[in-house]
Structure formats: C-alpha cells, structure tokens
Amino acid sequence: MAANDDYILELLIKHGLIQPSDMEDARRASSNNGHGPVEELVRSGLVTDRDILRTTAAEAGVDLVEHIENVPEEAVKAIPRSLAFRLSVMPLSLEGRHLRVALSDPFNFDAVDTLTKELRYDIDTVVAPADQIEAAIKRHYGNASEMVNSLIGGYQGDELQLKEKASDDGGGSGNDDAHIIRLVNLMILEAHRLRASDIHIEPLEKRLRLRYRIDGVLQVMTDPPKKLQAALISRLKIMSNMSIAEKRLPQDGRIQLRTSDGRTSIDLRVSTIPTNHGESVVMRILDKTSLTLGLPELGFLSDDQATIERILNLPDGIFLVTGPTGSGKSTTLYACLNVINKPDRKIITVEDPVEYQLTGVNQVPVNEDVGMTFAAALRAMLRQAPNIIMVGEIRDLETASIAINASLTGHLVFSTLHTNDAPSAVTRLVDIGVKQFLVASSVRAIMAQRLVRRICSACTEPYEPTETELRALNLKPDQLEHANFRKGHGCDKCRGTGYKGRMGIFEICVLDDEIRRMVNEKMSVASIRQRARDLGMRTLREDGIRKVLGGMTTPDEVITATMGDKD
C-alpha cells in the first residue's frame, strides 16, 4: 500500500524539514479546504515534491533518480504496456533476472508484489518524480488515451462483424454508436489474437477494468474510459440478446462473430452480474481449435495415451473425468469424442449449455425452464439407440442412475464429476446415493486432471531448479541424472511470461476386479487409491514431474497445480 499522509508527515519531522507545529497547521488547513495535509505543505511552500521524494527514498533505503533517460529496449519489453500504465512504473534496466524499475512511492509494495508475481523477475526499485515516470511511459509506450482513441475511432485493420445483425435498441445513435461497436469488436478481436479464454469487464469506483485470462492467468489490459461504461455494457447486452433494461438480475447470453474475411468465427458465452458500481461482464471465448486436438496435444504421454485409447474402445461402461472448474474436463471429453467419432457409431451428448458444435454428433441442450433436465434428456436419448453417450456433468442421483443403467445396457457413457482425485469419484457417486454394486459394475475408469502452462518454445532455456523446488517435488537422484529442466525467460511471443499454451497432467485409475470388490465392501478411498497405485496409477504430481523432467513445464506450475496431492 502507498505511504499515507500521516507517515510522510512523521518522516518530514524526523528529517527536520518541518516542525510539529507546521504539521498541525497543515492538518487544520486541509480540513477546511479539502486538500491533504502533505499537499497543503507543498502549496504553502514549506516543502517541495522533491523534498518528499528524497525523504521517502532515504527512509526506504533506495536511490533517487531525478531524470529518466536512455532506457534500453530490453527493459521496456520486460513490462507490458498495460502494466506500466496501470501501476505507474517505468523499467530502467534489465540484467539477467534483475529488473530495475522506477516508482514515485517507494512504499507502494502492492506494485512491487504485482510485478514480481506477473513478470517473475527480481524487482529492484528506485524512486523518481511522478512527472518523470509519466513522461517516460508516454515516450516509450505511447499515450494511453491515444491508444483508446485509436480503438474507438481510427482502426482500419481486421474488423469484426456480426453473423446475425442485432437491433440497436437502446445502444446509442450515430457516430457514438459506431465508436462503441468498433471498440467492443476490437476488444474481442485482440483477446482472440492473444489466445485469451475469458474477457473480464469489471466496473470499479473510478475506472472500468479490462482483463484477459491468458493460459489460465488474468492479465490487466488498458482500461476503457469510465465514461463509456454504460454504452459499452449496453452494446454487449444487445449483441448477446439480453435485456438492456434489466440491471438488477444476472443474465446469460451468447455472441457469434466473424472476421471481415469470413475465415475466422468467434463464439462467446456472455454472463452479467450486478455489482456495487455497475454490471460486471465476463465473456468466455469458446476456442473451436480444441475440438481438433489429438491426445498428445492435450498433454498425454505415450503410455497414458495407450491407456485412454483402450478405454475409448470399450463396448460399454462409464468413463469419468474429474477435477475442479476450469481444469479442462470438457475439452478432454470433446477430444475423446473426436477420436471415436466415426460413421458407424451414433453419439449423443446432453450438455448445459452446448458450448461447441461437433460435426456428426447429436447434441442436446439442457433447458430446465421447459423440463428438459439432464435426466429427462438422458431418458429420451436412450430411445434414440446411441452407441456412445456423453453427459455434461453428473449432478444428482437421478442423472447418475440413468447414466449407470445406460452403461449396463450396452452403452459407453462419458461424463464429468467434481472431485479432487480419481479414486474419490467412487465414493462421490456413493454419496450421491448410487448403490455400491452399481458403481462397481458400471464404472470402467476414472481420470483426474489439472492444467499447467507450457514453457514458451521461442524463449525456452536450461534452468537450474532451487533446493525448495526439488524438495517439494521429492525427486530421487536417479531422476535428476537425465532431467531436462527448462524455463522461458520471456519474449514478445509469450508477452514476457515465459509460457505459451497449456496442457493437462493426469491421474488415470482403471478399475480391476479387486478394486470392484473393495467398492462393494465399502472400503476407504485410501485403500482403493493404494490398490490403484499398485496397478501402476501415477498421481497428478507424478505425471507433472515427468513433464517437468522432460522440459515441458516448470516445477512452479506443477507444485501450484498439485498442492492437494497427498502423495
């Protein structure tokens, strides 16, 4: 948090620049005219801005830089433009992993923490006048308002158009409307170009925050002007076929866009929710390229891929994919369906909602308003004589019972479940109310998964892990002999993060006769887990370690994704 006025006043007294009586006079004056006491001291001429900078720099033990000139290009590239503007920081130099930055407040620890977390550099700070930092940012990054103005009015590149034109009721008129339309379209196009999975538009008290989720991590972009908040959100609601009059309740909608050349289409699932300062909007970008991914692209190594292919070729039974929200379960199931989608098989899915259109697959959307629940859809699907059924999620006993009965009558059933690991899915089904013998006889395999970021192939380099990382991964000496530890140092292609794209780490539990007996006898998850380990099941962390040793991801990613791995 930035240093407050009281603390600065105390420092000024400590360094002999003002007397205690001056502080009291400044406080009295500030209570009358609305200025802060420090600002009042500057206005009265007792101290200057430079005096305050020198005092705070000396107290913090950092250098004071009066003028910012000749910043190397590699240092400028180390901090993304949006981050420099948002935090009001200017990079000065980059030596190895040490990034030297200028702040106007040496006690702004939030800014330093944000830079450390988002850039993965060791941050060394100096103090510089705010006007010098602002001028340097404009010189090296351009003017923030000029960028926004160019988005609103002057962009001539690839522009998005609606597939189905929505009416402009309530969306403004004339030039203003055209400017808002262009800003919204370009915002979406830029997110798609950066491979973002979500666009977050969040009204705060004094600004409208724009963030993209890229490779699972939220990254702050240049904020649109606060004055455009109402028009921008109204435009998005019109495009999503939502009611622009309803601002008190959450709403959901969908947008379909295409580029002007017609070659690229972009689907977005849109959600709004009322907040203190207006409606917050989140747009999930549905990446259709994930439908064509093969098992290796998802992150399966050859032995796990062979196991999954055997499961996909089973004639009946249930295959469950488990994990928390956002762990890639649906993408994995879509990829599996793509592998087995052949003309001699009838595949039906029931989803809430249908996110991706799969060629050759019958997809049924859930609509609880008219009674089309998961259970109702499943019952109807069984009369369609399918070979393979996918249930978006098993949420209750009725859905679970119908899915299990379908598997017992000769259908291969895919579904997802929210559990932390694979063996826990067995007890989760029992907790829902499914009888043990039905679980034991129907479930063929369970796979838990998480997502970790891939190291950027353009800037990957050898890396020596720390002792802490090696202890956390519990690596044995023989594993270290052939290890290929790597890390991305950050480049333009990965926006300085060192990562580009994501892949899965997996825990595959195939049920054998012994595990089925254990389920029937209500034995503990720990016992089932141990039996699965005896059969060769790797934990999430163990699979992650294999990918760290192979130079595909970093120890930090695996440790973060598998914090709950008891093994």
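Skip the ligands, DNA and RNA, and give the accessible area per residue of the chain with a 1.4 Å probe, whole Å². Please report the intermediate quantities before stating the final value.
On the way: 26990 Å² over 567 residues.
Counting only protein heavy atoms, the per-residue value for the chain is 48 Å².
Residues with amide H under 5 Å of H15's amide H, sequence separation 5 or more or different chain, H placed in the peptide plane at 1.01 Å from N; which?
none
I need to check one value: relative contact order of the range 454-567, counting alpha carbon pairs closer than 8 Å and at least 6 residues apart, in percent.
34 percent
Determine the calculated [θ] at 222 nm for the chain from helices alone, applying -39500 (n - 2.57) to every DSSP H run no shorter than 4 residues and normalising by the residue count; nearest 500 deg cm²/dmol. Don't skip to the end; give the middle numbers.
Details: 24 runs with 228 residues, N = 567.
The helix-only estimate for the chain comes to -11500 deg cm²/dmol at 222 nm.
Heads up, I need the accessible area for I559: 1.4 angstrom probe, whole protein in place, Å², nearest 10.
Only protein atoms counted, so the area is about 30 Å².
By a straight-distance test (C-alpha under 20 Å), which aspartates and glutamates pair with K342 as possible cross-link partners, with residues fewer than eight away in the same chain excluded?
The reachable aspartates and glutamates, counting only those whose Cα sits under 20 Å from K342, are E309, D316.
Roughly speaking, what is the centre-to-centre gap between the range 357-394 and the range 63-130 when only Cα atoms are used, to the nearest Å?
Their Cα centres are 53 Å away from one another.
Using a ≥ b ≥ c from the Cα gyration tensor of the range 299-362 (square roots of the eigenvalues), is it rounded, prolate or oblate, where a/c under 1.5 gives rounded and otherwise the larger of a/b and b/c decides, a/b for prolate? Numbers along the way, then the final one.
Values: a/c = 1.72, a/b = 1.08, b/c = 1.59.
Oblate is the answer for the range 299-362, as a/c is 1.5 or above yet b/c matches or exceeds a/b.
Only helices at least 18 Å long along their axis, Cα-based, and averaging 0.0 or more on Kyte-Doolittle count here, so list those DSSP H runs from the chain. Numbers along the way, then the final one.
On the way: long enough: 20-33 (20 Å, -1.79); 174-193 (29 Å, 0.07).
Length and hydropathy pass: 174-193.
Once all Cα-Cα distances of the range 406-449 are split into 5 Å bins that start at 0, what whole-number percent is in each one?
P(r) for the range 406-449, in whole percents per bin: 5, 21, 31, 28, 12, 2.
In whole percent, how big is the carbon plus sulfur part of the accessible area of the chain, probe 1.4 Å, protein atoms only?
Reported share for carbon and sulfur atoms: 48 percent.
Once amide H atoms are placed 1.01 Å from N in the peptide plane, what residues at a sequence separation of 5 or more from A128, or on another chain, have their amide H within under 5 Å of its amide H?
V65, L103, S104
Give the lysines reachable from K435 as a straight Cα distance under 17 Å; neighbours fewer than 8 places away on the same chain don't count.
Correct list for K435: K522.
For F107, enumerate residues with amide H under 5 Å from its amide H, sequence gap 5+ or separate chain, H modeled in the peptide plane.
Close amide H contacts, sequence-distant or interchain: A3.
Students often check this: by mean Cβ neighbours within 10 Å, which of 416-428, 219-231 ranks highest, and how do the rest follow?
Values: 416-428: 22.4, 219-231: 17.5.
Top of the packing list down: 416-428, 219-231.
Using only alpha carbon pairs under 8 Å that are at least six residues apart, calculate the relative contact order of the chain and give it in whole percent. Can you show the working numbers first?
On the way: 962 pairs, mean separation 52.5, N = 567.
After rounding, I find 9 percent.
Once all Cα-Cα distances of the chain are split into 20 Å bins that start at 0, what whole-number percent is in each one?
17, 42, 31, 9, 0
For the range 272-420, what does the alpha-carbon gyration tensor say about shape, rounded, prolate or oblate, given a ≥ b ≥ c as the root eigenvalues, a/c under 1.5 as rounded, and a/b over b/c as prolate?
Numbers: a/c = 1.76, a/b = 1.22, b/c = 1.44.
Judged from the Cα gyration tensor, the range 272-420 comes out oblate (a/c at least 1.5, b/c at or above a/b).
Placing +1 at every Lys and Arg Cβ and -1 at every Asp and Glu Cβ, with all other atoms neutral, what dipole size does the chain have around its Cα centre, in debye to the nearest 20?
Working: 70 positive and 80 negative charges, 398 e Å.
Here the size comes out at about 1900 debye.
Pop out the ³J(HN,Hα) list for the range 62-78 in order, Karplus 6.51 cos²θ - 1.76 cosθ + 1.60 with θ = phi - 60°, rounded to Hz; leave Gly and Pro as x.
10, 6, 10, 10, 6, 9, 10, 9, 6, 7, x, 4, 5, 6, 4, 5, 5
So for the range 192-253, taking the charge dipole from beta-carbon charges (+1 Lys/Arg, -1 Asp/Glu), which of L232, I214, A245 sits furthest toward the positive end?
L232
For K329, list the lysines whose Cα falls under 18 Å from its own Cα; do not include residues on the same chain fewer than 8 positions away.
Straight-line reach from K329, under 18 Å: K288.
How long are the semi-axes of the equivalent ellipsoid of the range 67-140, defined as square roots of 5 times the Cα gyration tensor eigenvalues? Whole Å, largest first. Could you put the intermediate results ahead of the total?
On the way: eigenvalues 50, 40, 25 Å².
Equivalent ellipsoid semi-axes, largest first: 16, 14, 11 Å.
When a/c is below 1.5 the answer is rounded, else prolate if a/b is larger than b/c, else oblate, so apply that to the range 212-256 with a ≥ b ≥ c taken from the square roots of the Cα gyration tensor eigenvalues. Display every interim value, and only then the final one.
Details: a/c = 2.23, a/b = 1.42, b/c = 1.57.
Taking the square roots of the gyration eigenvalues as a ≥ b ≥ c, the range 212-256 is oblate.
Tell me, what HN-Hα J-couplings in whole Hz come from the Karplus equation 6.51 cos²θ - 1.76 cosθ + 1.60 at θ = phi - 60° for each residue of the range 478-490, using x for Gly and Pro?
My calculation for the range 478-490 gives 5, 6, 6, 4, 10, 6, 10, 5, 9, 7, x, 8, x Hz in order.
Can you sort L511, L94 by solvent-accessible area, 1.4 Å probe, largest first?
L94, L511
Could you give the Stokes-Einstein D for the range 472-567 in µm² per second, using the C-alpha Kirkwood radius, 20 °C, 1.002 mPa s? Numbers along the way, then the final one.
Details: Rh = 15.4 Å.
In µm²/s, the coefficient rounds to 139.
The values are calculated or read from the model by the stated rules, or taken from the named source; none is laboratory data. If you're wondering where the values come from, they're calculated on a predicted model, not measured in any experiment. Quick reminder, even Gly has a Cβ in these numbers, built from the backbone with ideal geometry, and neighbours come from all protein chains shown. The area values use the complete protein model at the heavy-atom level, side chains included, leaving out ligands, DNA and RNA. Shrake-Rupley method; radii C 1.70, N 1.55, O 1.52, S 1.80 Å.
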